[in-house]
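A.B. asks: Sharing a structure below in structure tokens format, with a few things to ask.
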Amino acid sequence: MRKLKFILFCFLFLISSSSWSFAQEEKIVAVFPTWKPYGYVENGKATGFEIEIFREVMRILNRKVKFAHQPWKRCLYSMQKGRADVIVSALKVEKRKEYLFYPDEPISLSRTALFTTIDKKILFNGSFENLKSYTIGITRGFSYGHEFDSSDFLQKDESTETSSIVVKVLFGRNELGAGNIAVIKSIAKENNSLERIKFLNPLLHSQRLYVGFSKIKKHQELSVLFSKTLSEFKHTNHYFRIMKKYNMD
């Protein structure tokens, strides 16, 4: 009887061990939008400074990653439905806490502002009331801060990609656009039009960005491990090399 119990114990141990190993081998599906220099696709490969940081932290954690490039709204939908494990990256918005675990450590910072062409004499003092007569280009599904998001009197023109906002402002379809400063500069530079745009002060917001982990996939433990490892990684030379590579230092 004791021998039989020992054999049974060994059998169950092997099953549980192999199941754990299989779980470790499963690829984490990480969704991300085009948001250069934070994340984008180049030569068929996911890249950008956040993508490189995330990839390296997951390598340290011995977790394989499969990247899925999607429009922002689709990224959020994939997380809501449990079709992805991770989103790189997102603001900490209250309604998203229903389906996302947020690590304590942010992956980066987002500085968001209104922008227009240099020939326009649009004044902004922080009051959105003064902007009621203008059409403002925004990215569908993005948050621009509670006050802006809840200002229903504003004329907001939604696009699926941030690059479309820049084009609409440059060609005069929209008087204003709203977006992350680093992203807008990157897009404008690629279009050889950086000298044609200007950013308005004050900022719409300056907030931390986080890697969001799926609650449906029960990734709370992974979220905690990621936070600790990311915090440590930020003190390495590798981290500073990535930031310098994308002119984010």
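A.B. asks: What residues have an amide H closer than 5 Å to that of GLU175, excluding those fewer than 5 places away on the same chain, when H is modeled at 1.01 Å from N in the peptide plane?
C.D. replies: Distant-sequence amide H within range of GLU175: THR135.
A.B. asks: Here is a follow-up. Compute the FRET efficiency between LYS45 and ASN247 as 1/(1 + (r/R0)^6), taking r as their Cβ-Cβ distance and R0 = 22 Å, and round to the nearest 0.05.
C.D. replies: In this case the efficiency is close to 0.65.
A.B. asks: Give me the number: length gained by fully extending LYS189 to ARG83, i.e. 0.36 nm times residue separation minus the C-alpha to C-alpha distance, one decimal in nm. Please list the in-between numbers first.
C.D. replies: Working: separation 106, 0.36 × 106 = 38.16 nm, distance 3.43 nm.
Length gained between LYS189 and ARG83: 34.7 nm.
A.B. asks: On average over all directions, what projected area in square nanometres does region 110-206 have, based on the convex hull of its Cα atoms?
C.D. replies: About 5.5 nm², averaged over all directions.
A.B. asks: Here is a further query. So if I take the centroid of the Cα atoms in region 189-220 and the same for region 48-121, what is the distance between those two points in Å?
C.D. replies: Using only Cα atoms to place each centre, the spacing works out to 9 Å.
A.B. asks: Based on DSSP, what percent of beta bridges with both residues in the chain are antiparallel, to the nearest 5?
C.D. replies: That works out to approximately 60 percent antiparallel.
A.B. asks: Multiply the residue gap between ARG140 and ARG173 by 0.36 nm, knock off their C-alpha separation, and tell me the result in nm, one decimal place.
C.D. replies: My answer for the length gained is 10.2 nm.
A.B. asks: Select from PHE49, PHE32, PHE124 the residue whose mean-square fluctuation is largest in a Gaussian network model of the chain (Cα-Cα springs shorter than 10 Å).
C.D. replies: So, out of PHE49, PHE32, PHE124, the one fluctuating most is PHE124.
A.B. asks: Next question, about the same structure. Working out 0.36 nm times the residue gap between THR236 and LYS120, then minus their Cα-Cα distance, what length gain in nm do you get to one decimal?
C.D. replies: That pair, THR236 and LYS120, stretches by 37.4 nm at full extension.
A.B. asks: Pairwise over distinct Cα atoms, reciprocal of the mean inverse distance: report the Kirkwood radius of the chain in Å, one decimal place.
C.D. replies: Evaluated over the chain, this radius sits at 19.9 Å.
A.B. asks: Another one. For LYS66 and VAL93, what does the FRET efficiency come to when R0 = 35 Å and r is the distance between their Cβ atoms, rounded to the nearest 0.05?
C.D. replies: That gives a FRET efficiency of 0.90.
Only the coordinates and a few stated rules stand behind these numbers; no lab work does. Given the structure is predicted, the values throughout are model-derived calculations rather than measurements. Positions of Cβ are backbone-derived with ideal geometry, glycine not excepted, and every protein chain shown enters the neighbour counts.
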